[in-house]
Each structure stands twice: as C-alpha cells, then as structure tokens.
Amino acid sequence: MSRACDGSRRRWLAAAALGCAGVGAASAQEELSALARVKRRGRLSVGLYQAMPPFHADGKGIDVELARALAAKLGVEFSPLAFPAGENMDDDLRNMVWRGHYLGYGPADVLLHVPVDRPLMAANPRVQIFGPYYREQVMLARDRSKLPDLPSLEALGQGAVAVPGLSLAGWLLLGADGGRYRDQLKTRWKDGAEAAAALQRGEVVAAAGQGSELESVLGRDERFVIEPLPLPQARNGWVVGMAVKKDATDLAHALQGALNELAAAGSLKEMFAKGGVRWRTP
C-alpha cells in the first residue's frame, strides 16, 4: 500500500469489512431457496383463478381450501392472489409464476389448477408443473324424468341443452354428429355451473360442462344424472396440478409432500365433497 494510504489504512480496512458484510448479506438473501424465502416471509402466496366455481368464487372454493391446507402443512399463513385468466395458459404461467403481471401484481409462490400436460411443460421451460390433484372431465347432466337414458347424443332428440359457449363442452357439442345439435344448444351461460342451474330450473332437458361445475350444483339432487359426455374426445379428461418457478425445486418437493399427506389422510377427498364434487383421482 502506498504512503498516501498508510495513514488511513485502518479506516480503509473497516470500510472494506463493512462493505463485504453488506455484500455478503445481500448475497445470502439472494441465495435463499424458494422454500426458505416462504418460511422467512411467513406466508405462502397462492395464485387462484378469480372466477372458477366450485374451485374459487368470492374467496371460497375447493382450491381455496387446498391452498390453505398446503400453507398450514408448510407452517406458514395462506396469502391468496386471485387473478383473471389470460388469453391462454402460457400467459397465466408467465403472469403468475415466473415474471409477474404487467399491472404490477404477482408472481405468486405457486399457481393452482394448472393442467399437468407434457406439451404445456415443454412450451414453458421457466416453470415446474407437478402435484396432480384432480382429474377433470367434460360431462353431461340430464333430467331423469325427461331423459331416462342417454346411450348416445341422439337420445337428446330436439331437447334444449344448456352449455357454456366459450368452453370445451360447447365446442364438442357444436361439432358432434356433423353439427346436428347446433340449433338446440343454449350457449349464453358463462360456465357449467350456470348451465346446471338452468337445468335445475327446468329450462332445458340437459346441461353440459366440466364435471366439477355440474356436480357442484346438481350432485346432491337425485332428479338428475351426471355422466361423461358420450363422445370419444371427452372420455379421459385432463389432470390439474400446481406450478412454481423452475428453480423452486425445494418448494415443489415440500408442496408435493404436503399434497400427498392430505390425500392419504382423506382430507383432499373431504375438500371436494364439501364443494359438492366427487374427487376423481389423477
């Protein structure tokens, strides 16, 4: 060290030590794992679709109960982050999992109700999709007194069918049998729960939608039968799970372990039953 610096050597060393300590603290903060950050914060931020009955509507639903239970398993508080669905699933993963929304909210620590789908995983390398917890399926509910049996869609005759217009159920029925049922479809409903309510009021002879939507309204009403839509494309359905950032491996493992415990204890089945839905295992 030069003579000019000799007189301030101690001060320089003290400042350097403080600077290094500051850098070390910042680095330590950056190096905290995803699970450690959640634990340190004391809450788990969970992305929930804003209007998706029976999974989330007005702060209640199956996904809300599941998120609360997962947070409890991690020993932290549940912090809901509701958001409107984007144009596609890629938008939702970007806005709620790895980057955050351009309006200034997000991302969440974990997003629920994500399709566990290989093409979706391949198209979104910044996220981990895991934790399947439910198998959804397009189904059809019918009034027993008006439609005792439904071996095929032909049994609908000329009866009116309620179905959400912008939905998989709607597209399947519009194209079924060469568009044969197009004129009898009533598509003004925003989701399957509304379509099921129309059937319950006697406005139509059948209603189509996601099984969870139909069951949440009609599942306890013995006047109605809910069964898979009799089309090959609707046979297997799809599985939903969770998504976290790609590098949040320890958080994913912790959430998967918590989910496994809830399923083994029967708690997951009870959450679905509380929402009027039969739990279909992934």
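Just so you know, all these numbers are worked out from the coordinates, no wet-lab data involved. The shown structure was predicted, so the numbers you read here are calculated from the model rather than taken from an experiment. Positions of Cβ are generated from backbone atoms using ideal geometry, with glycine treated the same way; all protein chains shown enter the neighbour counts.
Data table
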quantity	calculated
Calculated FRET value between GLU222 and ASP177, using beta carbons and R₀ = 35 Å, to 0.05	0.70
Antiparallel bridges, percent of DSSP beta bridges restricted to the chain (to nearest 5)	65 percent
Sparse-neighbourhood loop sites, GluC sites (Glu not before Pro) in segment 60-99 - DSSP loop, at most 12 other Cβ within 10 angstrom	GLU87
Only Lys, Arg (+1) and Asp, Glu (-1) charged, at Cβ; segment 152-206 dipole about Cα centre in debye	120 debye
Segment 113-128 - phi-based ³J(HN,Hα) in whole Hz, Karplus 6.51/-1.76/1.60, Gly and Pro as x	6, 9, x, 8, 9, 4, x, 5, 4, 5, 7, 10, x, 8, 10, 10
Debye, to nearest 20: dipole size of the chain, +1 on Lys, Arg Cβ, -1 on Asp, Glu Cβ	1020 debye
Cα-based helix-to-principal-axis angle, 249-264 vs the chain, degrees rounded to 10	40 degrees
Equivalent ellipsoid semi-axes, segment 138-234, via Cα gyration tensor eigenvalues times 5, rooted, Å	17, 14, 12
For GLY165, residues with placed amide H under 5 Å, excluding near neighbours	TRP189
Environment charge of GLU154, counting only residues whose C-beta is closer than 9 Å and scoring Lys/Arg +1, Asp/Glu -1	0
Length-normalised contact order of segment 138-234 in % [C-alpha pairs under 8 Å, at least 6 apart]	41 percent
Alpha carbon Rg of the chain, scaled by the compact-globule rule 2.2 N^0.38 Å	1.34
Mean residue ellipticity (222 nm) of the chain, computed from DSSP H runs ≥ 4 via -39,500 (n - 2.57), nearest 500	-11000 deg cm²/dmol
Globularity index of segment 111-176, i.e. its alpha-carbon radius of gyration over 2.2 N^0.38 Å	1.59
Which of TYR133, TYR105, TYR49 has the fewest Cβ neighbours within 10 Å, and the rest in rising order	TYR105, TYR49, TYR133
For segment 179-282, alpha-carbon Rg and Dmax in angstrom	17.5, 52
Tilt relative to the chain, helix 62-74 - C-alpha long axis, 0 to 90 degrees, to 10	30 degrees
Cα centroid separation, segment 209-225 to segment 227-276 (Å)	20 Å
Spatial extent of segment 195-244: Rg and Dmax, with the Cα atoms as the point set, Å	12.9, 43
Sorted peptide list for 229-242, 187-200, 88-101, criterion being average Cβ within 10 angstrom, highest first	187-200, 88-101, 229-242
